[in-house]
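Asks: This structure is in structure tokens; I'll ask about it shortly.
The values are calculated or read from the model by the stated rules, or taken from the named source; none is laboratory data. The structure presented is a predicted model; accordingly, all values stated were derived computationally and were not measured. Neighbour counts are summed over all protein chains in view; Cβ atoms, including those assigned to glycine, are modelled from backbone coordinates with ideal geometry.
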């Protein structure tokens, strides 16, 4: 029997709310949450045409995902997980889909997580990895910084740090379901609180508590890049689902980036929850999101 798209979506939302969002509201130890998330992500199918090679970058475990021998662009992706979850294992399958759809090489790093490694350790490690790419002869114009959820926060923070250090900037930024304001002032946290199938306010609060030291103001642009001066950043592609609690972060950032004169495009996907792109194998909106992401990346490649 063929299941309708709406029925499939409702079943998936119910499963995610039970298996991920509900446990995240219980203040479980980070280790238990990490293990559970890795097990659940094993159900996401990998693209068999993408080759995966393990390597180390600036002391970090990393993976290179290649859909073809030659690729003109490198997508430097930073995974999400509220700063204390996520790994090579949780995002491997999703990133094979990104590599296959863009036909670009994807570099995925296992950056240090909080609470064991609070700010600025993750950002510093990612900055060192980017610098190693430049030292190896990779041109900045051939790098696209990408991230989902808190990974989008770190991708934007990395771009700002590159500007501060006067280093060559990547050709563009891809921000998927971005968490950019750690003061949690977006209205969508309230009106989408019960609609988001994946992310809970409790998980966000726990992650921010783990990540931001008490000595750092949560409105500091280094941890909440929404509040940064955005002048001089490269073109930006932003995606969010209409049901996700971080929708407001994406919408407000889009407006601020446009006011700063940046080339920014914002895509919203009806009925989708936080990080819905990871489920692109099963949902048309997820596949459309990957197609939009790929179209943006290809435009950068042509410039």
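Asks: Identify, from the list 110, 148, the residue that is closer than 17 Å to residue 236 by Cα and surrounded by 16 or more Cβ atoms within 10 Å (Cβ to Cβ).
Replies: Numbers: 110 fails: closer than 17 Å to residue 236 by Cα.
Unique residue meeting the criteria: 148.
Asks: Going through the stretch 39-65 one residue at a time, which ones are surrounded by fewer than 16 Cβ atoms within 10 Å (Cβ to Cβ), in contact (Cβ under 8 Å) with a residue 24 or more places away in the chain and not in a loop (DSSP other than H, G, I, E, B)?
Replies: 61
Asks: Something else: Give the residues of the stretch 270-293 that are within 17 Å of residue 93 (Cα to Cα) and either more than 15 Å from the chain's Cα centre (by Cα) or without any contact (Cβ under 8 Å) to a residue 40 or more places away in the chain (or both), sorted by residue number.
Replies: Within the stretch 270-293, 281, 282, 283, 286, 287, 291 meet the criteria.
Asks: Now a separate question. Give all pairs with beta carbons closer than 6 Å in which a residue from the stretch 173-186 that is surrounded by fewer than 24 Cβ atoms within 10 Å (Cβ to Cβ) meets a residue that is in a loop (DSSP other than H, G, I, E, B) and modelled with pLDDT of 95 or more; count only pairs at least 6 apart in sequence or on separate chains.
Replies: If the second residue must be in a loop (DSSP other than H, G, I, E, B) and modelled with pLDDT of 95 or more, the pairs left are 181/224; 183/218; 183/219.
Asks: In addition: Would you confirm, using the coordinates I've provided, whether residue 226 is outside any helix (DSSP H, G or I), more than 22 Å from residue 115 (Cα to Cα) and under 19 Å from the mean Cα position of the chain (by Cα)?
Replies: Details: outside any helix (DSSP H, G or I): no; more than 22 Å from residue 115 (Cα to Cα): yes; under 19 Å from the mean Cα position of the chain (by Cα): yes.
Taking the combined requirement at face value, the residue does not satisfy it.
Asks: Right, here's the next one. I need the full set of residues from the stretch 1-25 which are surrounded by 12 or more Cβ atoms within 10 Å (Cβ to Cβ) and assigned to a loop (DSSP other than H, G, I, E, B), in order please.
Replies: Once the filter is applied, which keeps residues that are surrounded by 12 or more Cβ atoms within 10 Å (Cβ to Cβ) and assigned to a loop (DSSP other than H, G, I, E, B), the stretch 1-25 yields only 25.
Asks: Looking at 267, 254, 243, can you tell me which residue is modelled with pLDDT of 95 or more and out of contact with any helix residue (DSSP H, G or I) (no Cβ under 9 Å at 6 or more places or on another chain)?
Replies: Values: 267 fails: out of contact with any helix residue (DSSP H, G or I) (no Cβ under 9 Å at 6 or more places or on another chain); 243 fails: out of contact with any helix residue (DSSP H, G or I) (no Cβ under 9 Å at 6 or more places or on another chain).
Unique residue meeting the criteria: 254.
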